[in-house]
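Have a look at the structure below, then the notes.
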Amino acid sequence: MNWTILQWVLLLASAGQIHSRALRFTTLEEQEAGVKIGSLSTTYSAPYRLLDERYIRVDESTGDLFTKERIDRETLCPLHQDGDCTFSNTAVVSFNYEVVPMIIVVDDINDNVPIFERNVIPLHIPEDASIGTAFPLDDQAQDKDTGDNGMIRYYLEDSGGFFSIRQDGHELKLVVQRELDRETQESHVLVLVAVDGGSVPFSATANLNVTVTDVDDNCPEFDADSPTAAIVPALGVKGTAVAQLKATDKDLGQNAQITFSFSRQISDRAKALFHMDGHTGLISLAVDAQVDSPEEHTLKVFANSPLCPPAQTQVTVYMQPVTSPEPSVKIKFVAEHKNQVIVLQENEPPTVLALLELEDTSTAKGTLSLDKDSMSFSLKPQAGSYLLSTSKPLDFEMCGEYEVTVIISDPHGTRLHKREVIKVLVEDVNDNAPKFEQTHYEKDIRENNEPGVFLLRVQASDADSHQFGKVRYRLTNEGPFRIDKEMGVISVVESLDREQQETYNLTVLARDGGEPSQEGFVNVYINVLDLNDNPPAFPTPHFYFFVSESLPQLSQVGRVTASDSDKGENSRIVDVRILNDEVPFAIDLAQGYLRSTGEVDREKQDRYELLVVAVDGGSPALSATAKMTIFIEDVNDNQPQVLLPSSNLSCLTISPTARAGSMITKIYAIDKDSGMNSDITYQIIATKPTLDSPFQIDQHSGNITLVQHLRGEDYGMHHLFIVIRDGGKPDPLQTTVWVNLLVNETMEKCHVNAVPDYSPPPLPPPMPVKDCRCESNAWLIFYCGLCLMGISVCVLLAVVVVFTKHRKTKRKVEKKNVWETGTLCELKPLN
């Protein structure tokens, strides 16, 4: 292949067909095979071919150049990270075999991640490094991309404000931002993040471990537990340890070495008696020590460290003389005791604990007294002994153990012989009830919660000890709530519904482990917050209304309201409207009424089937619908219409042989109203000729019949003026029609050219409609009336008879009284 290409190049070069100016094309790396990168057809004509088809190919007819495979810029140009990455090719074009050199530039994309050589970068910084000091970092990330894709910037994470990163060109430095102290924090673990400059950046991290190295910046200090007093017993032996001093230097290594020494200001006697170990700080006897009287020596000691002022302390050493045996105290326990320890329950009134007897082996008598720290106790002389008692009730919660110090001294109190310590252990009793940390608890929770949700934790403490202070919890009114008996954690085990119950008042009982136990309680208020979980509700799923078709506009049809069982904005009904289009009704949301907005005509539409929607103010809003049926009640606004006869000029020929009772013709009429308003009756109110007409009309059916046999005088034209009425109340509507009947033997078709001249009088009232049911009811009413009249006449006759008899009886009595009175009057003068 290479030989063939070389032959082509030599051949075309000899022909002078090689162009000196190369074409330049550009493509991005990592593109799929088959991506078009340019075309030769804009400059040269077909056919086209390439001498090298490793990375690109050409369409021989169109001259379009396509990638042949994925091109990785970093693989193609590993040594050209900063410049253009190119490769050359040669195209042979047209039938003249022109040679066209080409340069294909492969542009970089951000396809490489920054890489640190080491995941952990160690760095040592002295603790006395000043703020602003910069330490170079050689471990920088590498990115194989070029341009902005290969530009890396750095920042720190978890620095705690101690360090920052400064980037000066290609130099990376760690800058101290806060004072370092190895004794406070010996190491810092930082995260160094490298981010490239791609449009979609890549990043890499490495741990930067900063070790703070020690400098001699701390001076020695004597420990808090280093002794300040010591006692040397009688007959001390050389080398006996007197006191072990302790000092500490927070530095490390050589910087932390300490040497101990006596001050030159101590007495010569002390210098002779005591020895100081400069390395360990141990004070010991330098000689055998035997003194006849007590001695006290104050030793001033230095702790030395290089470059530091010495730390100093003072040790007081008491030298005890060789004497006769010291007085001692014999304790006779009165209160309960165990292993020479007095055991007393708390809250006991002042109680005698022990009888103390002083056993003095010397000639001088001693006395007993209590140390000033033993204020809760008293010591009283009692017949040569001493009674040790409590001076007040002891409280375990204040102090559970006392050390009562008894001082043995001479009668004048000038010399201290000995100290005796008596331990008093206070036993706890269950005298404290559990107490909650808060006076009450309150918690809000949204309704429709998941079961088992944590609400809050209540906590009570008990000042008692052991089992007496162990608290367990329970709810007195659990409901949908549970409490952890040990931890006091309250959770809800059911999904709450605010519409069923908005608040819960729980009582938590805390009980200790005493017997009998003590209890404390606290109220917990649970407020259930509203969610918009209830759609609006109509009082009925289907509204029914009846309106007259003569209903004025904006009249109230009926009440249409909706309610929502939620709370606040969720319960506010923001819209109630009719979903149907172009209906003569609307809902007045402010007053909650359905109103008419247009004319209604029962004859066009006798009912309206509507759908009403109500929307609440929640977010998201909920809605509900209800059906609504509005029946249009009829108004007598349509008069009857006559269908047959079709006009007043219609005419019908009748044979004289027609039999009486036969139907001659029929009037057909309709009324668009309904009910009684559409009940039609027929009535003949005038005839021409005016003599008795042989025709009559059925008032319900409109059938015209012959009531008698036709005679000679009946021959000729008969004009019947008929009124058609509806049953409207109070004023029926009506229309009229002329029916023209010709009695003739020929039966030829008759013609009427004009209706008779007739001015009708005021129309008679409509004939009553006969109904068999009404007729039977009328007879029933008539018979009932007759019966009532008969009963009334009988009662009246009985009353008259009784009244007449009563009048007669009364008159007889009056006559008798008059006669008796007259007789008496006539006899009086005789006296």
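Divide the volume of the convex hull of the Cα atoms of segment 431-486 by its number of residues and quote the answer in cubic angstrom per residue. Display every interim value, and only then the final one.
On the way: hull volume 5.4 nm³, N = 56.
Output value, Cα hull per residue: 96 Å³.
Ranked highest first by average number of other Cβ atoms within 10 Å, how do 798-804, 107-113 line up?
Values: 798-804: 9.9, 107-113: 17.6.
Per-residue mean Cβ counts within 10 Å order the peptides as 107-113, 798-804.
Go through segment 140-227 and name the GluC sites (Glu not before Pro) that are in a DSSP coil and have 15 or fewer other Cβ atoms within 10 Å of their Cβ.
179, 183, 186
Mind listing which chymotrypsin sites (Phe, Trp or Tyr not before Pro) in segment 501-536 are in a DSSP loop and have 14 or fewer other Cβ atoms within 10 Å? Intermediate results must be reported in sequence, preceding the final value.
Values: sites: 504, 521, 525; in loops: none.
Listed in order of number, the matching sites amount to none.
Taking the Cα centre of segment 495-554 as origin, work out the dipole magnitude from +1 charges on Lys and Arg Cβ and -1 charges on Asp and Glu Cβ, in debye rounded to 20.
120 debye
Of all the C-alpha pairs in segment 73-148, what % are more than 14 Å from each other?
Working: 2122 of 2850 pairs.
Roughly 74 percent, rounded to a whole number.
Placing +1 at every Lys and Arg Cβ and -1 at every Asp and Glu Cβ, with all other atoms neutral, what dipole size does the chain have around its Cα centre, in debye to the nearest 20?
Using only the charged Cβ atoms, the result is roughly 5700 debye.
Could you state the per residue volume, in Å³, of the convex hull enclosing the Cα atoms of segment 195-299?
Enclosed volume per residue, from the Cα hull, is 150 Å³.
So what's segment 362-481 giving for Rg/Rh, alpha carbon basis, Kirkwood Rh from the mean inverse pair distance?
Result: Rg/Rh = 1.34.
Can you sort 655, 305 by 1.4 Å-probe accessible area, starting with the largest?
Putting 655, 305 in descending order of accessible area: 655, 305.
So, how do all the Cα-to-Cα distances of segment 275-400 break down into 10 Å bins, in percent, from 0 on up?
Cα pair-distance distribution for segment 275-400, in percent: 10, 25, 20, 21, 19, 6, 0.
Cross-link list 392/423; 443/485; 332/372; 271/372; 688/749: which exceed 25 angstrom alpha carbon to alpha carbon?
Violating the 25 Å limit, Cα to Cα: 271/372.
Summarise the long-distance tail of P(r) for segment 586-682 by giving the % of C-alpha pairs beyond 15 Å. All intermediate terms of the calculation are to be shown ahead of the outcome.
Values: 3593 of 4656 pairs.
Within segment 586-682, distances greater than 15 Å cover 77 percent of Cα pairs.
Could you pull out every one of the lysines with an alpha carbon less than 19 Å from that of residue 246, ignoring same-chain neighbours closer than 8 positions?
Within the straight-line cut-off, residue 246 pairs with 300.
I'd like the distance separating the alpha-carbon centroids of segment 441-496 and segment 526-573, in whole Å.
Computed from Cα coordinates, the inter-centre distance equals 41 Å.
Could you derive backbone 3J(HN,Hα) for segment 425-442 from the dihedral phi with the Karplus parameters 6.51, -1.76 and 1.60 (θ = phi - 60°), listing whole Hz in sequence and x where the residue is Gly or Pro?
Working through the residues one at a time gives 9, 8, 8, 6, 10, 7, 10, 10, 8, x, 10, 7, 5, 10, 6, 7, 10, 9 Hz.
Could you check the spin-label model distance between residue 569 and residue 805? Points 7 Å from the Cα along Cα→Cβ, value in nm.
9.3 nm
Could you state the accessible area per residue of the chain in Å², with a 1.4 Å probe and every protein chain left in place?
Values: 49150 Å² over 831 residues.
Heavy-atom SASA per residue in the chain reads 59 Å².
Put +1 on the Cβ of each Lys and Arg and -1 on the Cβ of each Asp and Glu in the chain; which of 185, 529, 794 then has its Cα farthest toward the positive end of the dipole?
Most positive-ward Cα: 794.
Direction-averaged shadow area of the convex hull around the Cα atoms of segment 124-273, nm²?
Values: hull surface 54.9 nm².
Reported value for the Cα convex hull: 13.7 nm².
Segment 506-617: percent of C-alpha pairs farther apart than 16 Å? Numbers along the way, then the final one.
Working: 4332 of 6216 pairs.
Of all Cα-Cα pairs in segment 506-617, 70 percent lie more than 16 Å apart.
Tally up the carbon and sulfur contribution to the accessible surface of the chain as a whole percent, 1.4 Å probe, everything protein left in place.
52 percent
Debye sum, Cα scatterers, the chain, no solvent: what log₁₀ I/I(0) at q = 0.08 1/Å?
Taking Cα atoms of the chain as identical point scatterers yields -1.14.
Using θ = phi - 60° and the Karplus curve 6.51 cos²θ - 1.76 cosθ + 1.60, what whole-Hz ³J(HN,Hα) does each residue of segment 457-472 get, with Gly and Pro shown as x?
10, 9, 9, 10, 10, 10, 5, 6, 10, 6, 5, 5, x, 7, 10, 10
Computed over the Cα atoms, what is the radius of gyration of segment 669-753 divided by 2.2 N^0.38 Å, N being its residue count?
1.28
For residue 68, give me every one of the lysines with a C-alpha distance below 21 angstrom, ignoring sequence neighbours fewer than eight places off in its own chain.
36
Ranked highest first by the average count of other Cβ atoms within 10 Å around their residues, in what order do 232-245, 621-634 fall?
621-634, 232-245
Counting other C-beta atoms within 10 Å, and keeping those with at most 15, which DSSP coil trypsin sites (Lys or Arg not before Pro) do you find in segment 439-485?
470, 485
Using 7 Å Cα-to-Cβ label points, what is the residue 46/residue 224 separation (nm, one decimal)?
Between residue 46 and residue 224, the simple spin-label model gives 9.8 nm.
The values are calculated or read from the model by the stated rules, or taken from the named source; none is laboratory data. All figures in this text were calculated on a predicted structure; none of them were measured in a lab. Heads up, the Cβs are rebuilt from the backbone with ideal geometry, glycines too, and the neighbour counts pull from every protein chain shown. The accessibility values were calculated without ligands, DNA or RNA, using every heavy atom of the protein model including side chains. Shrake-Rupley method; radii C 1.70, N 1.55, O 1.52, S 1.80 Å.
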